[in-house]
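First the structure, in the form of structure tokens, and then the observations on it.
The values are calculated or read from the model by the stated rules, or taken from the named source; none is laboratory data. All values reported here derive from a predicted model rather than from experimental measurement. Using ideal geometry, Cβ is built from the backbone for each residue, glycine included, and neighbour counts are taken over all protein chains shown. Remember, those area values only see protein heavy atoms, side chains included, never the ligands or the DNA or RNA. Shrake-Rupley method; radii C 1.70, N 1.55, O 1.52, S 1.80 Å.
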Amino acid sequence: MEATVGDKLLVHGRVVGRHDRTAEIVEVLGEHGHPPYRVRFDDDGHEAVMSPGPDAVVRPKGRSGEGA
């Protein structure tokens, strides 16, 4: 997984009733775009450092159709 600042991270809900969450990558802490990432969640503004697993997808900045 590789990302740059400004990309979106889509984290799929893994539990029934838990919705997908999106976050903006605000800092790349790994080398060459690799995790971990500092992210800011779109729904509540919470910031966290994450090393996303297989339930997450990076959407490059400027890409439309995020709900697709």
To the nearest 20 debye, what charge dipole does the chain have about its Cα centre, counting +1 at the Cβ of each Lys and Arg and -1 at the Cβ of each Asp and Glu? 140 debye
Please check: in the Gaussian network model of the chain (C-alpha springs, under 10 Å), which one of Gly33, Gly17, Gly45 has the largest mean-square fluctuation. Gly17
For segment 26-43, take each phi angle, set θ = phi - 60°, evaluate the Karplus expression 6.51 cos²θ - 1.76 cosθ + 1.60, and give the result in whole Hz per residue in order, putting x for glycine and proline. 9, 7, 9, 9, x, 7, 6, x, 8, x, x, 10, 8, 10, 10, 6, 5, 6
Share of the chain's accessible area from carbon and sulfur, percent, 1.4 Å? 50 percent
Hey, got a sec? Which trypsin sites (Lys or Arg not before Pro) in the chain land in a DSSP loop and have at most 15 other Cβ atoms within 10 Å? Arg14, Arg18, Lys61, Arg63
Along segment 7-23, Karplus-curve 3J(HN,Hα) (6.51, -1.76, 1.60; θ = phi - 60°) to the nearest Hz, with x for Gly and Pro, reads 5, 9, 10, 9, 10, 6, x, 9, 10, 4, x, 9, 7, 5, 10, 10, 9
In Hz, Karplus ³J(HN,Hα) per residue of segment 53-59 (6.51, -1.76, 1.60; θ = phi - 60°; x = Gly, Pro): x, x, 8, 10, 9, 8, 10
P(r) for the chain: what percent of alpha-carbon pairs falls in each 10 Å bin, starting at zero? 22, 57, 20, 1
Checking Asp44, Asp20, Asp55 against a Gaussian network model of the chain (alpha-carbon springs below 10 Å), the top fluctuating residue turns out to be Asp44
For segment 3-62, what is the accessible area per residue in Å², given a 1.4 Å probe and the full set of protein chains? 62 Å²
Specify the longest stretch of the chain that does not include any exposed loop site, a site being one of the GluC sites (Glu not before Pro) with a non-H, G, I, E, B DSSP assignment and at most 15 other Cβ atoms within 10 Å. 3-65
Label point 7 Å out from His46 along Cα-to-Cβ: which residues of segment 1-24 have amide N under 19 Å? 8-24
